[in-house]
Ligand code: 3SL
């Protein structure tokens, strides 16, 4: 049977052989939720970059650029890191450069993977359906916070583990633990993470609306996939089977 594993932080990524795996990058609050929402709402592609400098260069070349550090929009950029920024009709058909504190670093860290797709509660069922047809082992990479474990990414990893039980077996205790935690939390995710460190950080910035939205399952039927350094909408029909 195919295997599913969970990497709780990009700092642990060196422990995994990425080359033959599909990697799902997860940063529920809020980078991968923004990417999912943006691609679903018509953004043509998102170029994820690790540093503010790289993002600035792309902006200077004429792209719109989203940049976040420590939860706040970085100065001099066009967008912050709210999913609502990325759902703006004016972004339809555009390519956006993006850098965030953890999410885009995680994407960069996973670049040797066979394939990188983006996960969030917003596209949970679509992602589960797609992954269930894949022939390769999976790794769910939690972006965490500055190298540390976080609850919301782990819960999403657990949602994937639990929803893929028929198709994938847990490779080790990380996947098992994430799955069990999700079962404890799933009836009320918002309450379960209400004391978590990143929720408190975002609450101090008055962005409760983003937190609630990012926990809503199945708002969109898209999967962003990394191709040639750009996140684009996966052509699901041609990738099934
Ligand atoms: O760390 C990240 O990539 C961000 O998603 C963090 S925040 O939610 O914008 O604070």
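Remark: the Cα gyration tensor places the range 1-45 in the prolate category, a/c being 1.5 or greater and a/b exceeding b/c. Going 7 Å from the Cα of residue 233 toward and past its Cβ, which residues in the range 94-116 have a backbone nitrogen under 19 Å from where you end up? 94-97, by backbone N distance to the label point. Helical content alone sets the calculated 222 nm signal of the chain at -10000 deg cm²/dmol, taking -39,500 (n - 2.57) per DSSP H segment of four or more residues and averaging over every residue.
Averaging Cα coordinates gives a centre for the range 90-105 and one for the range 122-194; these two points are 23 Å apart.
Projected label points at residue 78 and residue 14, each 7 Å from Cα along the beta carbon direction, are separated by 3.8 nanometres. Percent antiparallel among DSSP beta bridges with both residues in the chain, to the nearest 5? If I count the DSSP bridges inside the chain, around 25 percent turn out antiparallel. If R0 equals 25 Å, the separation of the Cβ atoms of residue 61 and residue 89 corresponds to a calculated FRET efficiency of about 0.60. Based on DSSP, what percent of beta bridges with both residues in the range 1-126 are antiparallel, to the nearest 5? The antiparallel fraction comes to roughly 10 percent. In the range 152-241 the Cα-Cα distances spread across 5 Å bins starting at 0 as 3, 12, 16, 17, 18, 18, 11, 4, 1 percent of all pairs. Computed from the alpha carbon positions, the gyration tensor of the range 78-173 leads to an equivalent ellipsoid with semi-axes of 26, 17, 13 Å, biggest first.
Scattering from the chain was approximated by placing one identical point on each alpha carbon and applying the Debye formula without solvent; log10 I(q)/I(0) at 0.10, 0.16 1/Å stands at -0.40, -1.10. Dividing the mean sequence gap of close Cα pairs (under 8 Å, 6+ apart) by how many residues the range 3-239 holds gives a relative contact order of 33 percent.
Since every read-out is calculated from the coordinates, none of them should be taken as a lab result. No experiment lies behind these values; they were computed from the predicted model shown. Cβ: placed from backbone, ideal geometry, glycine included. Neighbour counts: every protein chain shown.
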